[in-house]
Amino acid sequence: MAKTILAFAASNSSVSINRQLVNYAASLIDGADIETLDIHDYEMPIYRHDREEADGIPQLAHDFLARIAVVDALVVSVAEHNGSYAAAFKNIFDWCSRVGREVWQNKPMVLLSTSPGPGAAGRVLAMAETAAPHFGGNVLGTLAVPKFDENFDSEEGVLTNASLDADLRALLAKL
Ligand SMILES: Cc1cc2nc3c(=O)[nH]c(=O)nc-3n(C[C@H](O)[C@H](O)[C@H](O)COP(=O)(O)O)c2cc1C
């Protein structure tokens, strides 16, 4: 039976460059069923201890975890805001971690990031990769695509930097 892979951008932007990257990555994966999601569909109130005490954990956190539970592997491209995850994703992650710390559920995962500038993608990836094992993350590898506009053709939806493209293909082959 074909593997099922969940590929999504950890960005709630409707014009997310990380979504463009992860969609391209997904298109390179042969012989697997690809699922995707929009984290905007999992928007919840900001995590607050008092809110959890009063109302419990929102159903959407359970729903998000259920999307991970049913797949064999993950490809996630994380947007960088001020050196860390975008707050929209961090909030989902925080609520999910209240269900249990194993948010990534030991699924083999490839972490990607792209940013308009030279350094932001690498910075958030370093954070995400370091943190992942504490949350049931089984990170097979990471790839930062800096300077998105120089390295990616948005019209065609493809990486144009041959070296980065080769790195991405090699990374995805580990899945
Ligand atoms: C609140 C905020 C903070 C950001 N901080 C940085 C930053 O510190 N350095 C940087 O190069 N880019 C920064 N950016 C630009 C983001 O890297 C860029 O918007 C993001 O990668 C876009 O990804 P997306 O289109 O997938 O959402 C920031 C953007 C926002 C909205």
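Would you mention how many residues in segment 5-43 are in a loop (DSSP other than H, G, I, E, B), within 11 Å of the ligand (Cβ to nearest atom) and not hydroxyl-bearing (Ser, Thr, Tyr)? It would help to see each step written out before you state the result.
Restricting attention to segment 5-43, the residues satisfying the condition of being in a loop (DSSP other than H, G, I, E, B) are 11-16, 28-31, 43.
Then keep just the ones that are within 11 Å of the ligand (Cβ to nearest atom); that gives 11-16.
Then drop every residue that is not not hydroxyl-bearing (Ser, Thr, Tyr), which leaves 12, 15.
Qualifying residue count, segment 5-43: 2.
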**Study point:** Of residues in segment 94-114 being closer than 20 Å to Pro58 by Cα and without any contact (Cβ under 8 Å) to a residue 40 or more places away in the chain, the one surrounded by the most Cβ atoms within 10 Å (Cβ to Cβ)
**Key:** Cys96
Review point. In segment 114-160, what count of residues is obtained for those that are outside any strand (DSSP E or B) and within 16 Å of the ligand (Cβ to nearest atom)?
Key: 22
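Among the residues of segment 18-63, which ones are among the basic types (Lys, Arg) and crowded, with 16+ Cβ neighbours inside 10 Å? Show your work before the answer.
Taking segment 18-63 first, the residues among the basic types (Lys, Arg) are 19, 48, 51.
Listed by number, the list holds a single entry, Arg19.
Of all the residues that make up segment 115-127, how many are more than 20 Å from Ala173 (Cα to Cα) and surrounded by 19 or more Cβ atoms within 10 Å (Cβ to Cβ)? Give the steps one after another, and end with the answer.
Taking segment 115-127 first, the residues more than 20 Å from Ala173 (Cα to Cα) are 115-124, 126-127.
After this cut, where a residue has to be surrounded by 19 or more Cβ atoms within 10 Å (Cβ to Cβ) as well, the list is 115, 120-121, 124.
Matching residues across segment 115-127 total 4.
State the number of residues belonging to segment 128-139 that are surrounded by fewer than 18 Cβ atoms within 10 Å (Cβ to Cβ) and touching a strand residue (DSSP E or B) at 6+ places or on another chain (Cβ under 6 Å).
Pass one, segment 128-139, residues surrounded by fewer than 18 Cβ atoms within 10 Å (Cβ to Cβ): 129-131, 133-136, 138.
Those left that are additionally touching a strand residue (DSSP E or B) at 6+ places or on another chain (Cβ under 6 Å): 129, 138.
Counting residues in segment 128-139 that are surrounded by fewer than 18 Cβ atoms within 10 Å (Cβ to Cβ) and touching a strand residue (DSSP E or B) at 6+ places or on another chain (Cβ under 6 Å) gives 2.
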Revision key, fill the gap. If we keep only residues of segment 44-62 that are of a type outside the set (Asp, Glu) and part of a helix (DSSP H, G or I), then the residue farthest from the ligand (Cβ to nearest atom) is Ala54
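Out of all the residues in segment 63-91, which are assigned to a strand (DSSP E or B) and within 16 Å of the ligand (Cβ to nearest atom)? Before you say what the answer is, go through the steps one by one.
In the first step, residues of segment 63-91 are kept if they are assigned to a strand (DSSP E or B); the result is 73-78, 80-81, 84-85.
Residues satisfying the conditions are Val75, Val76, Ser77, Val78, Glu80, His81, Ser84, Tyr85.
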Exercise for review: Please name all residue pairs, on different chains or six or more residues apart, with Cβ atoms under 9 Å, provided the first residue is in segment 42-55 and is under 14 Å from Cys96 (Cα atoms) and the second residue is of a type in the set (Asp, Glu) and surrounded by 14 or more Cβ atoms within 10 Å (Cβ to Cβ).
Suggested key: Ile46/Asp94; Tyr47/Asp94
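Read-outs throughout are calculated quantities, based only on the coordinates presented, and are distinct from any laboratory measurement. What you are looking at is a predicted structure, and each value in this text was computed from that prediction instead of being measured. Reconstructed Cβ throughout: ideal geometry from the backbone, glycine too, with neighbour counts over all protein chains shown.
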